[in-house]
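Participant: One structure, as structure tokens, below. Some questions next.
The values are calculated or read from the model by the stated rules, or taken from the named source; none is laboratory data. The structure displayed is predicted, hence computed values, not measured ones. Neighbour counts run over all protein chains shown; Cβ positions are idealised from the backbone, glycine included. The protein model used for the area step is the full one, side chains on, heavy atoms only, and it has no ligands, DNA or RNA in it. Shrake-Rupley method; radii C 1.70, N 1.55, O 1.52, S 1.80 Å.
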Amino acid sequence: MIGVLLVDDQPLVRTGVRSLLERDGDIEVVGESEEGRTALADMDRLRPDVVLLDLQMPVMDGLAVLRERRRRVDTSPGRHADTRIVVLTTFGEDDNVFTALRLGASGFVLKDAAPRELREAVRTVAAGEALLSPGVTRRVIERLADTSVAPEAAARLDVLTDRERDVLALVGRGMSNQEIGADLHLSPATARTHVGRLLAKLGARDRVGLVVIAYETGLVRPGAQN
């Protein structure tokens, strides 16, 4: 059973999302929060597998929750470490979405997503993957990534082999392990091994973190073609 914490200031939204999530029986909403401060307390108390987090909330918004959560993870190893956060968003919040990815969100889902898509998003993130659809997520990142690259940012990649750079570039473009394997003539298992090494070497939490690094270091440029 996947435990989900809903964080949204609108009761009707929480009620509707709860109903959609619990339809198949493998997802349970273990708690609801209407603002960020109570959400952080509920994350400690309930230890959900996944948090569905709205960005626009009174008192303490979603970005502030992500900043505080990252601080807690950094200062208290293991705290919140297994909880994945999915941002609930609209395209009108694109700027905030990219900031959320930088702050450690495992992806995002649109508020008008189909019910099945919402449930699959929760399952995907709970399984340790990231929400990196080749369409939606890549468009947001390419639109918002800063094209100027500081030398110290690019130097992060010095620890990588040429093959690992190739893999990181394809991860940055939203490719799955299977797609990376096909592009580089590797098996999906070998591609997955390379991704695991990238996570360890670069200190990224998940594939979303690798995408952000790929753009911030200039390895992938906004508007780059696959």
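Participant: Out of Asp49, Asp42, Asp24, Asp54, I need the residue that is in contact (Cβ under 8 Å) with a residue 60 or more places away in the chain and in contact with a strand residue (DSSP E or B) (Cβ under 6 Å, 6 or more places away or on another chain). Which one?
Facilitator: Unique residue meeting the criteria: Asp49.
Participant: Determine which member of the set Arg23, Arg45, Arg37 is open to solvent by 40 Å² or more (accessible area, probe 1.4 Å), farther than 26 Å from Phe98 by Cβ and in a helix (DSSP H, G or I). Full working, then the answer.
Facilitator: On the way: Arg23 fails: in a helix (DSSP H, G or I); Arg37 fails: farther than 26 Å from Phe98 by Cβ.
After applying the criteria, what remains is Arg45.
Participant: Only one of (1) over 23 Å from Leu210 (Cβ atoms); (2) open to solvent by less than 50 Å² (accessible area, probe 1.4 Å) is not met by Val97, so which one is it?
Facilitator: The failed condition is (1).
Participant: Looking at (1) modelled with pLDDT of 90 or more; (2) closer than 16 Å to Lys111 by Cβ, find the lone condition where Met57 falls short.
Facilitator: Among (1) modelled with pLDDT of 90 or more; (2) closer than 16 Å to Lys111 by Cβ, Met57 violates only (1).
Participant: Sticking with this structure for a sec: Would region 58-77 turn up any residue that is within 22 Å of Leu101 (Cβ to Cβ), open to solvent by less than 20 Å² (accessible area, probe 1.4 Å), free of Cβ contacts under 8 Å to residues at least 40 places away in the same chain and hydroxyl-bearing (Ser, Thr, Tyr)?
Facilitator: no
Participant: A follow-up question, please. Out of (1) in contact (Cβ under 8 Å) with a residue 12 or more places away in the chain; (2) farther than 16 Å from Thr83 by Cβ; (3) surrounded by fewer than 16 Cβ atoms within 10 Å (Cβ to Cβ), the odd one out for Asp9 is which?
Facilitator: (3)
Participant: Are any residues in region 151-164 assigned to a helix (DSSP H, G or I) and loosely packed, with under 15 Cβ neighbours inside 10 Å, and if so, which ones?
Facilitator: Within region 151-164, Pro151, Glu152, Ala154, Ala155, Asp158, Val159, Asp162, Arg163 meet the criteria.
Participant: Condition first: open to solvent by 50 Å² or more (accessible area, probe 1.4 Å), assigned to a helix (DSSP H, G or I) and of a type in the set (S, T, N, Q). Now tell me which residues in region 174-209 satisfy that.
Facilitator: Hits for region 174-209 are Gln178, Thr190, Thr193.
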